[in-house]
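Before any comments, here is the structure.
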Amino acid sequence: MKNMILTAMVASAALVSCGTVQSLVQNTFPYTTNVLISTGVPADKEVSSTATATNVQTWFGGNNNAQIKDVRISDAKISVVSPSGGNLSALKSIKVFISSSGTKERLVASRSSISTDGASLNLDLNDTGFLDEVVKSSGVTVRTVYELKNQTSSDMNLKIALNFSSVPAK
């Protein structure tokens with residue numbers, strides 16, 4: 001009888017801890033994409049670049065997004081990832097939109113009047129509500145609209161990292 005009670009307690013603890021771990025893992029999750037700014041891009045003109053975003057779930061072949069709700073943008077960052085280094089001083093402004101199959105495009109982050117010569121920058125969030133419909137659909141697409149202050153002397157590769165927060169759906 002003691003073994004049965006002990007086994008039940010261990011099984012209950014394991015189930016609770018699995019749910020807790022899932023909750024922690026699903027609480028925040030990133031999507032990333034890259035944007036190539038070529039040397040031929042003119043200054044003072046908005047340019048658009050679209051790419052499919054990936055997250056950790058797609059790396060492991062799963063999609064547990066059905067088990068989350070109340071998805072909001074929590075952080076957005078751009079970084080220079082060019083092999084030759086570089087900084088963001090050539091950028092004048094940037095806007096980041098997301099969409100997915102069958103959903104409208106939504107502005108999630110932006111920054112105007114960029115005045116940094118650093119290699120990374122946190123963007124201003126456009127928290128316009130829940131993004132469940134976009135994130136739960138297949139194929140999240142990120143469209144980046146940027147404007148340069150001056151033309152770059154070499155190609156620049158930017159990494160766009162978008163972090164979302166959610167709560168477990170119960």
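The values are calculated or read from the model by the stated rules, or taken from the named source; none is laboratory data. Everything numeric here is computed off the predicted structure, so don't read it as measured data. Methodologically, a virtual Cβ is constructed for each residue, glycine included, from the backbone with ideal geometry; neighbour enumeration extends over all protein chains shown.
I'm trying to understand the selection: among the residues of segment 102-120, which are among the hydrophobic types (A, V, I, L, M, F, W, C), modelled with pLDDT of 95 or more and buried (at least 18 other Cβ atoms within 10 Å of the Cβ)?
Kept after step one, since they are among the hydrophobic types (A, V, I, L, M, F, W, C), are these residues of segment 102-120: 107-109, 114, 119.
Adding the requirement that they be modelled with pLDDT of 95 or more leaves 107-109.
Hits for segment 102-120 are V108, A109.
Tell me, which residue of segment 123-141 that is at pLDDT 85 or above and acidic (D, E) is farthest from A53 (Cα to Cα)?
My answer is D124.
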Could you list, in sequence order, all residues of segment 135-170 that are farther than 11 Å from R72 by Cβ and among the β-branched types (V, I, T)? V140, T141, V142, T144, V145, T152, I160
Criterion violated by G139 - all others in (1) assigned to a strand (DSSP E or B); (2) closer than 24 Å to V81 by Cβ satisfied: (1)
For S165, the lone unmet condition from (1) among the hydroxyl-bearing types (S, T, Y); (2) surrounded by fewer than 17 Cβ atoms within 10 Å (Cβ to Cβ); (3) not in a strand (DSSP E or B) is (3)
Are there any pairs, at least 6 apart or on different chains, whose C-beta atoms fall under 8 Å, with the first in segment 150-167 and farther than 26 Å from D44 by Cα and the second of a type in the set (A, V, I, L, M) and part of a loop (DSSP other than H, G, I, E, B), and if so, which? F164/L131
Cβ-Cβ distance below 7 Å, separation of 6 or more or different chains: which pairs start in segment 24-38 with a residue that is closer than 15 Å to A53 by Cβ and of a type outside the set (A, V, I, L, M) and end on one that is in a strand (DSSP E or B) and at pLDDT below 85? F29/N55; P30/N55; Y31/T54; Y31/N55; T32/T54
